[in-house]
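> The structure follows.
Just so it is clear, none of the values below were taken in a lab; they were calculated from the coordinates. Remember, predicted model here, so these are calculated numbers, not experimental data. Note that each Cβ is placed from the backbone with ideal geometry, even for glycine, and that neighbours are counted across all protein chains shown.
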């Protein structure tokens, strides 16, 4: 019953969002959007690519911190491959690809996957907390947070629950097991096919054993890295708007950042909220600043390319390297006897 109600609510929300997006898109002057995108210069594209690289480093840093022996370059490669595979193939192909990379690098797969799960859970806490920051910044900049206030209150409450859950899990293995039993019982009430108390208890105890030491040392650094990542993403949006001709007077930086943080929760929807998040951003900014919607859409399109398409293209490099390592020889090449005789 609970699962049916949740599905109905999700479908209703999806229909409402699609209707809203179509309504916004039909009123746009797409010729003006193309003209604004044409204002982008090559050196500005270079600046955006540098910001994208910084954003990716910050996004992958928690995985490196939570996984012993991985390192930041390999964490970046693992994240890029995971995003690429998850975009073009159904789950759990991305997890299989990530595990294959851990194995190829000699990283313990169990610890690597535990670090990946912890990174994802922490990111959800940060993601859910961003609307709170957006509502506060919106109240400070324009004196009105009513458009995002309720979303911030709900998402912020869920973020607090996740943080409390993490704190309980990492109090000790017994506490982790207790949380697993409770979560398993709740999960089966929603959907009986989901893992039950015994299975989740076992999984959380194993998870605690794999990453507890790394969590205690690096949770603060990891949380700060993810918050900075969101900040860099908002700066990519600000830069993209400036590069298409939107001046600070037309869309002040703090208003843009406040709008972005307010709708950041929509990045949890498929394809980083493509269409839905973009329309919500344009609507929030245009309601609070005099910038033209066409210019705003042009900037958001460039932001979308930076955040979504550039990482997908970059993910091809480590993925091809992984395929090459799999198809290559499994062991060292035997010495040539003719060279041995000449030595």
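> On a 0 to 90° scale, report how tilted helix 293-304 is relative to the longest principal axis of the chain, with both axes built from alpha carbons and the result rounded to the nearest 10.
For 293-304 against the chain, the angle is about 10 degrees.
> A follow-up question, please. What distance in nm separates the two pseudo spin-label positions at residue 254 and residue 54, each 7 Å out from Cα along the beta-carbon direction?
2.1
> Which value in nm describes the separation of the simple spin-label points at residue 157 and residue 91, placed 7 Å from the Cα toward the beta carbon?
Reported label-point gap for residue 157 and residue 91 is 2.5 nm.
> Turning to a different aspect of this structure: Modelled label-to-label distance, residue 287 and residue 19, 7 Å Cα→beta-carbon offset: nm?
The answer from the label model is 1.7 nm.
> Tell me, how many Å apart are the Cα centres for segment 93-129 and for segment 159-182?
19
> Helix 93-104 sits at what angle to the longest principal axis of the chain, using alpha carbons and giving 0 to 90 degrees rounded to 10?
Helix 93-104 sits at roughly 40 degrees to that axis.
> Full-extension gain between residue 150 and residue 193, please, as 0.36 nm times their residue separation minus the C-alpha to C-alpha distance.
Stretched out fully, the residue 150 to residue 193 stretch lengthens by 12.2 nm.
> Per the Cauchy relation, a quarter of the hull surface: what is the mean projected area of the convex hull of the alpha carbons in segment 105-195, in nm²?
For the Cα atoms of segment 105-195, the hull's average projected area reads 8.8 nm².
> In the Gaussian network model of the chain, springs joining C-alpha atoms below 10 Å, which of 108, 198, 94 carries the largest mean-square fluctuation?
Among 108, 198, 94, the largest GNM mean-square fluctuation belongs to 198.
> Let me ask you something else. Given Cα pairs under 8 Å that are at least 6 residues apart, what percent is the relative contact order of segment 30-318?
Relative contact order here is 28 percent.
> When the distances between all Cα atoms of the chain are binned every 20 Å from zero, what whole-number percent does each bin get?
Here the calculated profile for the chain is 26, 54, 18, 3, 0.
> Specify the angular offset, from 0 to 90 degrees and rounded to the nearest 10, of the alpha carbon long axis of helix 310-327 from the longest principal axis of the alpha carbons in the chain.
Relative to the chain, helix 310-327 is tipped by roughly 10 degrees.
> A follow-up question, please. Can you list the residues of segment 266-284 with backbone N under 20 Å from a point 7 Å past the Cα of residue 30, pointing along Cα to Cβ?
Under 20 Å, as judged by backbone N against the label point of residue 30, lie 274-283 of segment 266-284.
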